[in-house]
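Throughout, read-outs are computed from the coordinates displayed, never taken from laboratory work. Just so you know, these numbers come straight off a predicted model, no measurement behind them. When we count neighbours, we look across all protein chains shown, and the Cβ atoms used for this are built from the backbone with ideal geometry, even at glycine.
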Amino acid sequence: MATGASQAETALVIGGGISGLLAARELARAGKRVTLVEREEPLGGAVGSHQLAGLVLDSGAESFATRTPVVTNLLGELGLEDQIVQPNPLGSWLYLPEGAFRSPSTGVLGIPGSFDDPALKQILGRRGYRRATLDKVLPRSAGSTAKTLGELVRVRMGQQVLNQLVTPVVSGVFSTHPDKLEIATIAPRLLDGLAQYGSLAAASAAQRAASPAGSQVAGIEGGMNRLSEALVDELLNLRVRLVSGFDTIAVDRDPSDGRWTAIQRQPHSGERAAVISADLLVVATDAQTAVRLLGPYLPASALPAVKPGPEVALVSLVLDAPALDANPRGTGLLVSEQATGVRAKALTHATAKWSWVADRAGEGRHVIRLSYGRAGQENSPLSDLALHDDQLVTLGLHDAGRLLGVPLSKSSLVAADVVRWRTALPSTGPGHSQGVAAFRSALEDLDGATAVGAWVAGTGLVAIVTDTAPHIQRFMQRNSNL
C-alpha cells in the first residue's frame with residue numbers, strides 16, 4: 001500500500017459511458033476529487049441522442065429492463081422517476097421465412113413459457129411444436145450442464161424453437177447467436193429454474209413472472225438519453241472535472257507513492273499529449289482497452305482472452321407515411337437470420353412503441369429504427385456494416401417496407417441517420433464469466449485500480465447499474481488507507 005497520504009483524495013475515471021458516469025458519481029459523493037476522461041463527445045456512450053427532423057431521439061439504448069427496480073431507483077435519485085413511461089401494449093412480431101407472426105406472449109429470450117399459446121403451432125409447425133413439448137417430460141438433468149443458451153434450448157426444446165424463436169430475439173437484442181451466448185453471463189437463473197421446476201418452459205415463465213406487472217421494459221419521456229444528461233448534470237454539481245476528446249494510451253503507477261498517471265493524446269488536435277494523475281484509477285472502457293491498460297500490472301494468468309464485441313449499425317428513418325398509422329406490426333419485429341429478402345435483424349416502430357415519440361412527430365409521421373450487423377459477418381466485405389451510410393439508408397427503407405407490409409418510397413423519407421456502435425456490446429462467449437472473475441480477483445491485489453463496465457457487469461442497464469456502485473464502494477473501502 002502507498003504511504004504518501006492517510007486517505008486517497010483524488011480519483012481518475014477513464015471512460016464516459018454509463019458505467020464511467022456512475023463510477024465518477026460514487027467517487028465524488030464519497031468526497032473524492034474526480035476527473036473523468038472520455039474519447040468521444042458527448043458523454044453517455046450507448047445511452048445517447050441524435051436529432052432528426054427536429055426530433056431528439058435515442059441513438060442507442062431506448063429502454064431498460066424492469067425485472068429489478070435498480071434503474072427505476074436510480075432515475076428516482078436523479079429526479080426522473082415521474083418521467084418513466086411504459087411502451088404501448090401492441091406487442092412485437094417475428095419475421096420468419098414463412099412470413100410475419102405475432103410473437104408469443106410468454107417466457108423470456110424467445111423461450112416459450114407456455115405451450116398453450118396458439119401462435120406457437122403456427123411458428124414452429126406440427127413437428128417442431130411436438131418436439132418443443134418434450135421439454136415437459138425430459139428429465140430435469142437434460143441440458144443442466146449446457147454452457148450456452150443455444151445448447152440449452154436445443155437440448156430441451158429442439159432446433160426449431162432455437163431457429164424460429166430464440167435466435168431472432170438474441171440476434172436482435174445482443175447481436176450474437178445463442179450458441180455464442182454464455183448462460184452464466186446472460187441468464188443464470190434459467191438453469192436454477194430448470195433445476196427447481198424440471199422444465200425450461202417453467203423456468204422461462206417463472207423468470208418472466210418475476211418482473212413487475214405489465215411490460216418487461218420501460219423508457220423515459222424524451223428518451224433514455226435523459227439519463228446520461230442527468231448524470232452529467234449531477235457530476236458537474238459535484239464538481240467532477242469532465243474532459244472529452246482524449247484517448248488514453250497507457251497508465252503508469254509510481255512505485256514511490258502509489259499514484260496512478262494516465263498518458264493521453266488528443267487525436268483531433270494534432271495528437272497533443274496530456275498527463276493526469278490521481279490516487280485512485282477506475283477503467284470504465286471496453287474489454288480490449290481495459291486489458292491493454294491494466295494488463296501490464298496483473299499476472300498473465302488473470303488476463304481474459306477478450307474478443308471485440310459485435311458491431312451494430314442503427315438506421316433511423318423519419319417517414320411521412322399515414323399508411324403506418326394502423327401500426328401493422330405492433331411495436332416492431334425481430335428477424336430470423338433464415339428469412340430472405342430482408343437484411344435487417346430487427347425493426348423498432350418508435351412512434352407505435354412510445355406515445356411521446358408519436359406526439360412529437362405529429363399525425364402521419366413515423367419514426368422507424370432498423371438494426372444491422374449479423375454475428376459472424378463482421379469482417380466480410382459483403383456485410384451490411386461495409387455499406388456506406390447512404391446505402392444503409394436505402395436498404396433500411398426497403399427493409400422497413402417489407403417488414404411492415406407497407407410500400408415505402410424515397411418520397412416518404414423526411415430524414416435519416418446512421419449510428420454505428422463498435423464497442424457498445426461486450427463479447428459474451430463461453431468462458432467469459434470465468435475470465436471476468438479472474439481479472440477482477442487479480443485487481444483486488446492491485447492497489448488503487450479497478451475496472452467497471454458492461455464487459456464485466458453484463459449487457460444492459462440493469463447489469464451495469466447493479467454492478468457499478470457496489471463495486472466502487474468496495475473498491476474505496478479496500479483502498480481506504482492509500
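Charge dipole (Cα centre; +1 on Lys/Arg Cβ, -1 on Asp/Glu Cβ; no other charges) of the chain amounts to roughly 1420 debye.
What base-10 log of the normalised intensity I(q)/I(0) is obtained for region 230-294 from the Debye formula, alpha carbons as equal point scatterers, at q = 0.18, 0.19, 0.25, 0.27 Å⁻¹? Normalising to I(0) and taking log10 leaves -0.82, -0.90, -1.17, -1.19. Count Lys and Arg as plus one, Asp and Glu as minus one, and take only other residues whose Cβ is under 11 Å from that of Gly198; the net charge is then +2. Region 398-415 and region 31-82 have Cα centres separated by 30 Å.
Above 17 Å, the calculated P(r) of region 98-209 contains 47 percent of its Cα-Cα pairs. Taking the charge dipole of the chain about its Cα centre, with +1 at Lys and Arg Cβ atoms and -1 at Asp and Glu Cβ atoms, the residue from Gly373, Trp356, Gly45 reaching farthest to the positive side is Gly373.
Other residues within the sphere of radius under 15 Å centred on the Cβ of Val291, judged by their own Cβ, net out at +2 (K and R +1, D and E -1).
Axis angle, to the nearest 10 degrees, between helix 18-29 and the longest C-alpha principal axis of the chain: 40 degrees. When only Cα pairs below 8 angstrom with a gap of at least 6 residues are kept, the chain shows a relative contact order of 24 percent.
Exposure proxy ranking for Glu98, Glu363, based on other Cβ atoms within 10 angstrom of each Cβ and starting from the fewest, stands as Glu363, Glu98. Close amide H partners of Arg33, meaning residues 5 or more places away or on another chain with modelled amide H under 5 Å apart, are Thr10, Ala11. Here the Karplus relation 6.51 cos²θ - 1.76 cosθ + 1.60, evaluated at θ = phi - 60°, turns the backbone of region 78-92 into coupling constants of 8, x, 10, 4, 6, 9, 5, 10, 9, x, 5, x, 8, x, 10 Hz, with x for every Gly and Pro.
Karplus-derived 3J(HN,Hα) values for region 165-175, using 6.51 cos²θ - 1.76 cosθ + 1.60 with θ = phi - 60°, are 10, 6, 4, x, 5, 5, 5, x, 8, 10, 6 Hz; glycine and proline are entered as x. Rounded if a/c is under 1.5, else prolate if a/b beats b/c, else oblate: with a ≥ b ≥ c from the C-alpha gyration tensor eigenvalues square-rooted, which is region 310-421? Since a/c reaches 1.5 and a/b is larger than b/c, the shape of region 310-421 is classed as prolate. Backbone geometry of region 305-322 corresponds, through the Karplus equation with coefficients 6.51, -1.76 and 1.60 at θ = phi - 60°, to 3J(HN,Hα) couplings of 7, 6, 10, x, x, x, 8, 9, 10, 9, 9, 9, 10, 10, 10, 8, 8, x Hz, x marking Gly and Pro. For region 89-132, the Kirkwood hydrodynamic radius comes to 10.9 Å, computed from all pairs of different C-alpha atoms. Around the amide H of Ala451, modelled in the peptide plane, lie the amide H atoms of Val283, all under 5 Å away and 5 or more residues distant in sequence or on another chain. The lysines within cross-link reach of Lys307, meaning a Cα-to-Cα straight distance under 26 Å and a gap of 8 or more places when in the same chain, are Lys147, Lys180, Lys345.
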